[in-house]
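The values are calculated or read from the model by the stated rules, or taken from the named source; none is laboratory data. This structure is a prediction, so every number in the text was calculated from the model and none was measured. Cβ coordinates were reconstructed from backbone atoms using ideal geometry, including for glycine residues, and neighbour counts include every protein chain displayed. The area values use the complete protein model at the heavy-atom level, side chains included, leaving out ligands, DNA and RNA. Shrake-Rupley method; radii C 1.70, N 1.55, O 1.52, S 1.80 Å.
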Amino acid sequence: MQLTFQDIADTRVIVVGDNRIDAAIAISFKDRMRELTETGPNRILVDMTCVDFIDSSGLGAIVAAMKQVADSKSLELANLSSTVKKVFRLTRMDTVFAIHPSIDAAIGGGIANAG
């Protein structure tokens, strides 16, 4: 599981370097997200540009990552592929997460729900 981060202004951008978030990496994803979200800015933006597949375990890991951040923080998503957007839409998780079309749009204030 490869997760890297960069703090930009008031946002911690976490980049998922793997092309899949599935059962094989769900636990390590959740654990690494906990490490990266415990400190730093209150706004967390997960860049999913590389992710082209997500299964129910991966979706569960993303939801768990959101639940484990402090109440004072937000976890948002950006750059979802069409396949990943479809999973979020079918599970109605697109109504739970703020989903941005790009990092630039998110940091510049633009927001668009997957749909």
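Points worth noting:
- The numbered conditions (1) touching a residue at least 40 places away in the same chain (Cβ under 8 Å); (2) over 14 Å from L77 (Cα atoms); (3) aliphatic (A, V, I, L, M); (4) crowded, with 20+ Cβ neighbours inside 10 Å are all true for L45 except (2).
- Residue in region 24-39 that is touching an Asp or Glu at 6+ places or on another chain (Cβ under 8 Å), outside any strand (DSSP E or B) and not β-branched (V, I, T) present: no
- Filter result (modelled with pLDDT under 95, part of a loop (DSSP other than H, G, I, E, B) and surrounded by fewer than 16 Cβ atoms within 10 Å (Cβ to Cβ)) within region 97-115: G108, G109, G110, I111, A112, N113, G115
- Filtered by the rule that a residue be small (G, A, S), open to solvent by 50 Å² or more (accessible area, probe 1.4 Å) and assigned to a helix (DSSP H, G or I), region 62-95 gives a lone residue, S82.
- Being within 12 Å of the chain's Cα centre (by Cα), over 22 Å from M1 (Cβ atoms) and hydrophobic (A, V, I, L, M, F, W, C) is a condition met by no residue of region 80-91.
- Entry remark, region 50-76: residues being under 11 Å from the mean Cα position of the chain (by Cα) and farther than 17 Å from D22 by Cβ number 4 in total.
- Residues in region 1-31 that are among the polar types (S, T, N, Q), open to solvent by less than 60 Å² (accessible area, probe 1.4 Å) and closer than 14 Å to V46 by Cα: T11 alone.
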